[in-house]
Amino acid sequence: MEVLDISMYSFKEKILRSKGLVILSLYAKWYKPSKEQIDILKEISKEFDSISIYKIDYNSSKEIKDVLEIVSIPTLIFFKNGKEEFRITGSQTKKQIKLIISALKD
């Protein structure tokens, strides 16, 4: 699996109607911590085939900022069966993300 780009238009179909665990990363292409977070998510995607991982460029849509109430980037939102289960803002290590995944998969 890989980290896939998603738009606000496909958000409902890909995330809110999903089964299982989904990670959504809100990032900015120009912001180094965001780029590093995406690189970590790419590594994680290779380790967890059952998890879908998407990314949305924070600057691409004002609507996404409002709907998801994003105040800072990078932000990771973890959804389980279409419902938000956990949210964390700021750069996260691979270990931190894996711990969250482990807690939510149970």
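The values are calculated or read from the model by the stated rules, or taken from the named source; none is laboratory data. Computed from a prediction, not measured in an experiment: that's the story for all the values here. Note that we place each Cβ from the backbone using ideal geometry, even for glycine, and neighbour counts take in every protein chain shown.
Please find, within segment 1-42, the residue that is modelled with the lowest pLDDT out of those that are among the acidic types (Asp, Glu) and loosely packed, with under 13 Cβ neighbours inside 10 Å.
Only one residue fits best here, namely GLU13.
Has segment 16-25 got any residue that is touching a Gly at 6+ places or on another chain (Cβ under 7 Å) and of a type in the set (A, V, I, L, M, F, W, C)?
Checking segment 16-25: at least one residue is touching a Gly at 6+ places or on another chain (Cβ under 7 Å) and of a type in the set (A, V, I, L, M, F, W, C).
Can you tell me how many residues in segment 59-69 are more than 17 Å from LYS12 (Cα to Cα) and touching a strand residue (DSSP E or B) at 6+ places or on another chain (Cβ under 8 Å)?
Residues meeting the conditions: 0.
Give me a count of the residues in segment 43-53 that are of a type in the set (S, T, N, Q) and surrounded by fewer than 18 Cβ atoms within 10 Å (Cβ to Cβ).
2
Could you check segment 54-76 and list, in sequence order, the residues that are buried (at least 21 other Cβ atoms within 10 Å of the Cβ) and either of a type in the set (Gly, Ala, Ser) or farther than 15 Å from SER91 by Cβ (or both)?
TYR54, ILE56
When segment 65-103 is examined, which residues are found to be under 11 Å from LEU21 (Cβ atoms), over 14 Å from the mean Cα position of the chain (by Cα) and assigned to a helix (DSSP H, G or I)?
Answer for segment 65-103, where residues must be under 11 Å from LEU21 (Cβ atoms), over 14 Å from the mean Cα position of the chain (by Cα) and assigned to a helix (DSSP H, G or I): SER102, ALA103.
Is it the case that some residue within segment 92-105 is at pLDDT below 95, in contact with a helix residue (DSSP H, G or I) (Cβ under 7 Å, 6 or more places away or on another chain) and not basic (Lys, Arg)?
Checking segment 92-105: not a single residue is at pLDDT below 95, in contact with a helix residue (DSSP H, G or I) (Cβ under 7 Å, 6 or more places away or on another chain) and not basic (Lys, Arg).
Taking the residues in segment 25-64 that are in a helix (DSSP H, G or I) and of a type in the set (A, V, I, L, M) as candidates, determine which candidate is farthest from LYS98 (Cα to Cα).
Taking the candidates together, the pick is ILE64.
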